[in-house]
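Q: One structure is given below, represented as structure tokens, and several questions about it will come after.
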Amino acid sequence: MVQFFYQNLHAQGFALPNTYSDSAAAAILIHLLASVGHPFHANKRRRRRKRKRRMSSSFWTFLFVFSSLAIYSEGLTRHYKFNVVMRNVTRLCSTKPIVTVNGQFPGPTLYAREDDTVLVKVVNHIGHDVTIHWHGVRQLRTGWADGPAYVTQCPIQPGRSYVYNFTLTGQRGTLLWHAHITWMRSTVHGALVILPKLGVPYPFTQPHQEHVIVLAEWWKSDPEAVIREALKAGRPPNVSDAHVINGHSGALSTCSSSSLDGFTLAVEKGKKYLLRVINAALNEDLFFKVAGHRMTVVEVDAAYTKPFSIDTILLAPGQTTNVLLTADKTAGGRYLVTTSPFADSPLVAVDNRTATATLHYADIVSSSAAPAAASALTTTNPPLMNATPVAAAFSDALRSLNSQAYPARVPATVDRSLLFTVGLGANPCASCVNGSRVVAGVNNVTFVMPTTALLQAHYYNISGVFTDDFPGRPPVVFNYTGSGPRNVATEQGTRLYRLPYNATVELVLQDTGIIGPESHPLHLHGYNFFVIGKGSGNYDPKTSPAGFNLVDPVERNTVSVPSGGWTAIRFRADNPGVWFMHCHFEVHMTWGLKMAFIVDDGEGPEQSILPPPKDLPAC
């Protein structure tokens, strides 16, 4: 529509810029109106008669323009359809059936613009329940479309469908969508690209092209079987067999097809590329690196950052990072792209294989009839698995853009000050190998998933589904990052923490040494938050806040709590509903490292959750 009325104005002889903001467009139109005369302006009678014909034509032209602007400002409605189907896929020289969306691995990329409304009809054609989560979408008052099974909805049963309906308000950048039930996320995932409003430029150098890069894991066996066997034995599950870049691992084995199992990114010398990098892995933080090139970080988790240059980025599961890469090498050159795990805890087993891809410069056109020989591949060594300084160099450099157009609205005061310990434990299990089962919890509570969706229970006041007595502080104070208490058992329950609408919250997430220290990427649904501080050891409420950044802290939806350390975040509870918070290591979430916030309605309908849709799945 915007392009149409721009073409209309160009046809009328008006010279307009290629890009514009909403305010700039309005200013241009007001100026044009003033230059031709406003049809309702009372001037001298003879001037009105003399200009009547010209003003009439101008009036209808600009009435069309303003009405078009009004339509544009409300955003478009974009329709997508996800058919969840089984498909046989060959990787690592073996073939197996996997769950996919539209037969694709990774799944399709969804494109929309800020302020657009997105409707995705998900049709379940497999023999298992399904849900889809739009990771990082604020879901303002539309918790019914958030997607975690038994939290905001009951699953979509086999043969049924559900339409996810949400609006992308105040967000632009790269996010992730994925299944949010059992371990189906291993293959059911993809990118959600939110472009700026039409005509609004990026706050960084305009790239010539953009590419989505999805990092993930691959199991030769069925991941669902892997976790079932682990739960039965009470032990950690087997790690994946490979990492993948856009579904391909690179040449990791000796079978004849291995050399073909790699992703190639074609570039042209002298051009800039925006790489939208996503970590869709189940259980591992991943480094990402391009041989011979540095990257300029410009956005994380759909929030712009102050640009900085670096050669290696780190993404926890669920996190996204947009980087600008300048193709400044020789035409015809080939450069290795790597993704490899980061884990600085000696107790954690990880898949230590490196997935590879190729950045390939287009060849210069040659007059020779003979084809040019493939150039040598420029390689690079990925960081060591425990390269904490490399990880810190990236995370410590992240800052919000905090410009006039994109301010960092960090809550200056705090209504609720919370401390959540996150870590592992062990509970008795008569059928397990050692008589106990590894569990995880928040403030020593191992979360028990209900059989009725929490949001429905909250909205309809259904009793007996959950309690709202989740502890705001650890029930027992101890040396959190030390050896821990002798009793490593946890409590179990479906306990939620209640927040009043618009409350400001400071939440310190503290790792524990129970069983062993380990990092935890915590994801909060329905909100962005500001990462105001982090540190090693135990958080000290007297000294640690002195180092808080309340000016331009990075804004995220998923943040890593460092192994043997703590992270502090702040957010404003301005989105009513029930919002899941959990570790994005799927194994930790399976073990119970999760909880949920209830955010009460505010005053009036605009501060209240919308009614549930008619097609909401039933349990």
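The values are calculated or read from the model by the stated rules, or taken from the named source; none is laboratory data. These numbers were taken from a predicted model, which means no experiment stands behind them. In this analysis, Cβ positions are derived from the backbone assuming ideal geometry, glycine residues included, and neighbour counts consider all displayed protein chains. Accessible surface is based on the protein model in full, side chains and every heavy atom, while ligands, DNA and RNA are left aside. Shrake-Rupley method; radii C 1.70, N 1.55, O 1.52, S 1.80 Å.
Q: For the stretch 525-619, what does the accessible surface come to per residue with a 1.4 Å probe? Please give it in Å².
A: Normalised by residue count, the accessible surface of the stretch 525-619 is 35 Å².
Q: Given the convex hull over the Cα atoms of the stretch 392-504, what projected area results after averaging over all orientations, in nm²?
A: 12.2
Q: Follow-up question, since we're still on this one. Ratio of alpha-carbon Rg to the 2.2 N^0.38 Å globular estimate for the stretch 431-575, to two decimals, please.
A: Rg over 2.2 N^0.38 Å, computed on Cα atoms: 1.15.
Q: Of the listed peptides 174-181, 410-417, 397-404, what is their order by residue-averaged count of other C-beta atoms within 10 Å, with the highest listed first?
A: 174-181, 397-404, 410-417
Q: Distance between the C-alpha centers of the stretch 461-476 and the stretch 147-188? Whole Å please.
A: 25
Q: Compare the peptides 134-140, 98-104 by average per-residue count of other Cβ atoms within 10 angstrom and give them in order, highest first.
A: Answer by packing, highest mean first, reads 134-140, 98-104.
Q: What accessible area per residue, rounded to a whole number of Å², is obtained for the stretch 253-332 using a probe radius of 1.4 Å?
A: On the way: 2430 Å² over 80 residues.
It amounts to 30 Å² per residue over the stretch 253-332.
Q: Under a cut-off of 29 Å between alpha-carbon atoms, report the lysines in cross-link reach of Lys289, not counting same-chain residues fewer than 8 places apart.
A: Filter leaves Lys220, Lys269, Lys271, Lys272, Lys306, Lys329, Lys534.
Q: Let me ask something additional. Hey, any idea what % of the stretch 508-591's accessible area is carbon plus sulfur with a 1.4 Å probe?
A: Values: 1190 of 2200 Å².
Percent of accessible area from carbon and sulfur atoms in the stretch 508-591: 54.
Q: How are the Cα pair distances of the stretch 382-429 distributed, in percent, across 10 Å bins from 0?
A: The calculated distribution, bin by bin, is 15, 20, 33, 24, 6, 1.
Q: Express in % the proportion of alpha carbon pairs of the stretch 445-516 at distances exceeding 16 Å.
A: So the portion of pairs separated by more than 16 Å is 61 percent.
Q: Also, quick follow-up: With N set to the residue count of the stretch 536-598, report its C-alpha Rg divided by 2.2 N^0.38 Å to two decimal places.
A: Against the empirical 2.2 N^0.38 Å value, I get 1.31 for the stretch 536-598.
Q: Where the Cα atoms of the stretch 182-328 are projected onto their three principal axes, how long is each span, largest first, in whole Å?
A: 54, 35, 26
Q: When the accessible area of the stretch 274-400 is split by element with a 1.4 Å probe, what percent falls to carbon and sulfur? Walk me through the intermediate numbers first.
A: Details: 2720 of 4830 Å².
Of the solvent-accessible surface of the stretch 274-400, carbon and sulfur hold 56 percent.
Q: Compute the signed sum of charges (Lys and Arg +1, Asp and Glu -1) over the other residues within less than 12 Å, Cβ to Cβ, of Glu268.
A: +2
Q: Just to be sure I follow: if Rg is taken over the C-alpha atoms of the stretch 495-606 and Rh is the Kirkwood radius over the same atoms, what is Rg/Rh?
A: Taking Rh as the inverse mean 1/r over Cα pairs, Rg/Rh reads 0.98.
Q: In addition: Mind ordering 572-580, 476-484 by average Cβ neighbours within 10 Å, highest first?
A: Packing proxy ranking, top to bottom: 572-580, 476-484.
Q: Give the cross-link partners of Lys614 among the lysines, using a straight C-alpha distance below 25 Å as the criterion and excluding same-chain residues fewer than 8 apart.
A: Leaving aside lysines fewer than 8 places away in the same chain, those within reach of Lys614 are Lys81, Lys121.
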